[in-house]
Every structure is written in structure tokens, then in C-alpha cells.
1. Report the relative contact order of the chain, percent, no decimals, based on alpha-carbon pairs under 8 angstrom and at least 6 residues apart.
2. Cβ neighbours within 10 Å, averaged per peptide: list 36-46, 70-80, 8-18 in order, most packed at the top.
3. Taking the simple approach of a point 7 Å from Cα along Cα-to-Cβ for both residue 72 and residue 59, what is their distance in nm?
4. Accessible area, 1.4 Å probe, largest first: how do 62, 33 sort?
5. When we measure straight from the Cα of residue 4, which lysines land under 22 angstrom away, once same-chain ones fewer than 8 places off are left out?
6. Heavy atoms only, probe 1.4 Å: what % of the accessible area of the chain goes to carbon and sulfur, would you let me know?
Amino acid sequence: MEIKKIAVRGGHTELCTGASALIDELTEDRKVTAAVIKYLRELGYEVLDVTPPVNYTSSSSTDLLYGVNKANEWGADLFISTLIKLMIVIMEH
């Protein structure tokens, strides 16, 4: 199967923001999402941004389902969901 149509969803929403202590995961995720879309288009793919609208939901599962449904309705060959997950590991010596 040749991949021609790619749906890209930005993770987190304004009501489901993720962490913000060291970096703001929502802000940084939107930067990554925009770059992914830009570079895929430059490579010649047809790309649809299926990120939920501002203040769509505070439920992470409803948020993800929005993107999946939009991708399926559009007939995407590939679905990409970007998500920044900041994890801090504290190790004792």
C-alpha cells in the first residue's frame, strides 16, 4: 500500500494540557506537530491536521477519538499522533 494521505494529531489540548513545570507540553507539542506537517507536505504527502479544536474536551480519550474519527472520515492512509511526555527519573547513588 502506498501512503499518500497522512492525518496528524497534536497531543494534549487546552483542557488536557499535560505537564508544564519544566516545559509546557501543550506548547511544545504544537511546535512539533506544525513541523511534522510542514515537512511531510514538503515531501509531497497530502496532510490533514486532525488536532481537536481549542477547548474541545477535557477527556484524553475523547480528544484522541476526535483525531481518529477525522482521519478515518478523510480516508487517511496513516495516522500520526504527536505527544510530548516529560518524564523525570530520580536515581539514588
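1. Numbers: 140 pairs, mean separation 42.9, N = 93.
Reported as a whole number, the value is 46 percent.
2. Details: 36-46: 12.9, 70-80: 16.0, 8-18: 19.9.
Packing order, densest peptide first, comes out as 8-18, 70-80, 36-46.
3. With each label point 7 Å from Cα toward Cβ, the separation is 1.5 nm.
4. Values: 62 55, 33 5 Å².
Result of the area sort, largest leading: 62, 33.
5. Cα-Cα hits under 22 Å: 38, 70.
6. Details: 3510 of 6190 Å².
Here it works out to 57 percent.
The values are calculated or read from the model by the stated rules, or taken from the named source; none is laboratory data. A quick note: this is a predicted structure, and the numbers were derived from the prediction, not measured. Please note: Cβ atoms are built from the backbone with ideal geometry, for glycine as well, and neighbour counts cover all protein chains shown. The accessibility values were calculated without ligands, DNA or RNA, using every heavy atom of the protein model including side chains. Shrake-Rupley method; radii C 1.70, N 1.55, O 1.52, S 1.80 Å.
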